[in-house]
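See structure below.
The values are calculated or read from the model by the stated rules, or taken from the named source; none is laboratory data. Given the structure is predicted, the values throughout are model-derived calculations rather than measurements. Heads up, the Cβs are rebuilt from the backbone with ideal geometry, glycines too, and the neighbour counts pull from every protein chain shown.
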Amino acid sequence: MTMRSTSERYGTVALALHWTSAALILALIPLGFAMQSAPDAARLGLYRVHVGIGILVGLLTLARLLWWLALDRRPVPSVSHTLLQRRLAKAVHAGFYGVVLILAVSGIGMMAASPLGEALASGKLALMPADLMNLPPRLAHGAMARLLMALLVLHVAGALYHHWVGRDGTLGRMAVRLR
Ligand code: HEM
Ligand code: HEM
């Protein structure tokens, strides 16, 4: 398998970026909801993990954008996909980039606009803000998290539809091959 993508399948760099980001995002979503009502003993630690992984996903997304813009080209869409399916897939893929970047920026925005960063850095639970809901970046973060989940449902449904119903090799293009 080559580092760059071919006209038929994604290359190793695109695969690594896609599946690492996907796994981290799938962990961040339940963590984001659960950490808010976690017991005091665990809350700071869970927020730290969420913030660390969230920033990492933001950086991976920037790296991914640069990779596609400067160094690689996506495989050509399967001829069996209708024009509507291609447009929908393109919109969902572009939506992922936008939504994930807004999540990362709004996450950093919450830290900048409240004592949260200080609480996480010092480990002082007393500094944790009781409620961030009045902050605009918090509202954006919650809205984008929900939009991300909707995109994810569409994306996975599309991938499984092409795999099981269309049987057109779409999932195989993004599958990791060990040799
Ligand atoms: C980039 C991927 C990210 C995803 C998918 C994500 C996902 C989520 C989700 C699902 C929630 C719960 C939303 C709700 O209850 O309405 C949440 C909350 C939160 N996220 Fe993220 N997040 C990401 C990045 C970040 C980053 C980079 C930061 C900080 C630098 C951050 C800080 C927070 C904080 C502080 C909360 C809790 C707010 C509260 O206590 O009310 N997130 N996140
Ligand atoms: C967990 C289940 C997932 C499955 C089964 C899956 C499957 C796939 C498949 C089969 C493709 C290739 C589509 C084609 O060539 O037409 C693809 C591309 C893509 N997927 Fe996923 N995916 C998953 C999760 C995610 C997540 C969480 C994201 C969020 C960032 C994501 C973002 C993308 C993007 C942006 C592309 C276009 C190629 C690229 O820019 O890297 N996927 N996915």
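Numbers at a glance
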item: Residue among Ala145, Ala119, Ala104, Ala159 that alone is more than 12 Å from ligand 1 (Cβ to nearest atom) and assigned to a helix (DSSP H, G or I); result: Ala159
item: The one condition in (1) within 24 Å of the chain's Cα centre (by Cα); (2) more than 12 Å from ligand 2 (Cβ to nearest atom); (3) surrounded by 16 or more Cβ atoms within 10 Å (Cβ to Cβ); (4) of a type in the set (Gly, Ala, Ser) that Gly117 fails to fulfil; result: (3)
item: Residues of segment 144-176 satisfying the condition of being β-branched (Val, Ile, Thr), closer than 17 Å to Gln85 by Cα and modelled with pLDDT under 95; result: Val165, Thr170
item: Residue identified as surrounded by 16 or more Cβ atoms within 10 Å (Cβ to Cβ), under 22 Å from Ala145 (Cβ atoms), within 16 Å of ligand 2 (Cβ to nearest atom) and within 14 Å of the chain's Cα centre (by Cα) among Leu56, Leu60; result: Leu60
item: Flag if Gly45 is of a type outside the set (Asp, Glu), under 18 Å from Leu152 (Cα atoms), more than 10 Å from ligand 2 (Cβ to nearest atom) and modelled with pLDDT of 95 or more; result: no
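The rows are residues; the columns are (1) more than 16 Å from ligand 2 (Cβ to nearest atom); (2) in contact with a helix residue (DSSP H, G or I) (Cβ under 8 Å, 6 or more places away or on another chain); (3) under 25 Å from Leu15 (Cβ atoms).
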| residue | (1), (2), (3) |
| --- | --- |
| Ala70 | no, no, yes |
| Val99 | no, yes, yes |
| Gly109 | yes, yes, no |
| Ala113 | yes, yes, no |
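This table checks each residue for (1) touching a residue at least 40 places away in the same chain (Cβ under 8 Å); (2) more than 24 Å from Val156 (Cα to Cα).
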| position | (1), (2) |
| --- | --- |
| Ala22 | no, no |
| Ala27 | no, no |
| Ala41 | no, yes |
| Thr61 | yes, no |
| Arg64 | yes, no |
| Ser106 | no, yes |
